[in-house]
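First the structure, in the form of structure tokens, and then the observations on it.
The values are calculated or read from the model by the stated rules, or taken from the named source; none is laboratory data. Given the structure is predicted, the values throughout are model-derived calculations rather than measurements. Backbone-built Cβ (ideal geometry, glycine too); neighbour counts: all protein chains shown. Remember, those area values only see protein heavy atoms, side chains included, never the ligands or the DNA or RNA. Shrake-Rupley method; radii C 1.70, N 1.55, O 1.52, S 1.80 Å.
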Amino acid sequence: MKKILIVDDEPNIVMSLEYLFSKENFEVFIARDGAEALEIAEIKIPDIILLDIMMPNVDGYQVLRFLKESPKLNDIKVIFLSAKNKASDIELGMQLGADKYITKPFSTKKLVSEVYKLLK
């Protein structure tokens, strides 16, 4: 069973994605901010992380930097899911090592498809 970590401080997004990926037979973990995301990633080592950028305490960019610098965690696939939709935001996310950058609002069908593509 593939493991997915959903990191977002917006409860409606978290609930809908948790439901969506549970139906797809993923083991789903939830973090409401970047610090919690890093704790869960260290313990559970998910296959993929859906990561918001704008969050309290530790933002998505900081989480991604930490993951990429960690020998234990740098193979985890990361998809940014963010309302930040300027070209410069997307470029920064990709430069930091995101595997994909999807802007909100997003199609759940497309998101599931992108997750499966990255996990092949």
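So how many residues does region 75-109 have that are in contact (Cβ under 8 Å) with a residue 12 or more places away in the chain, open to solvent by 60 Å² or more (accessible area, probe 1.4 Å) and in a loop (DSSP other than H, G, I, E, B)?
Residues flagged as in contact (Cβ under 8 Å) with a residue 12 or more places away in the chain, open to solvent by 60 Å² or more (accessible area, probe 1.4 Å) and in a loop (DSSP other than H, G, I, E, B) within region 75-109 amount to 1.
Just to be sure, is K3 open to solvent by less than 70 Å² (accessible area, probe 1.4 Å) and among the basic types (K, R)?
In short, yes.
Return the total of residues in region 19-34 being under 17 Å from L111 (Cα atoms) and open to solvent by 70 Å² or more (accessible area, probe 1.4 Å).
4
Given (1) closer than 24 Å to Y19 by Cα; (2) in contact with a Lys or Arg (Cβ under 9 Å, 6 or more places away or on another chain), where does S107 come up short, assuming only one miss?
Among (1) closer than 24 Å to Y19 by Cα; (2) in contact with a Lys or Arg (Cβ under 9 Å, 6 or more places away or on another chain), S107 violates only (2).
Filter region 59-74 down to residues that are in a loop (DSSP other than H, G, I, E, B) and over 14 Å from the mean Cα position of the chain (by Cα) and give me whichever is surrounded by the most Cβ atoms within 10 Å (Cβ to Cβ).
Across region 59-74, the extreme among qualifying residues is S70.
Look at M15 and say whether it is open to solvent by 60 Å² or more (accessible area, probe 1.4 Å), aliphatic (A, V, I, L, M) and over 13 Å from the mean Cα position of the chain (by Cα).
Yes, satisfied.
Out of region 43-58, which residues are of a type in the set (D, E, K, R), part of a loop (DSSP other than H, G, I, E, B) and open to solvent by 10 Å² or more (accessible area, probe 1.4 Å)?
Hit for region 43-58 is D47, nothing else.
Find all pairs meeting these conditions: Cβ atoms under 7 angstrom apart; at least six residues apart or on different chains; first residue within region 12-33 and over 17 Å from M54 (Cβ atoms); second residue open to solvent by less than 70 Å² (accessible area, probe 1.4 Å) and of a type in the set (G, A, S).
Note: pairs meeting the criteria are V28/S22.
Determine if region 11-19 includes at least one residue that is of a type in the set (S, T, Y) and under 26 Å from E91 (Cβ atoms).
No, region 11-19 contains no residue that is of a type in the set (S, T, Y) and under 26 Å from E91 (Cβ atoms).
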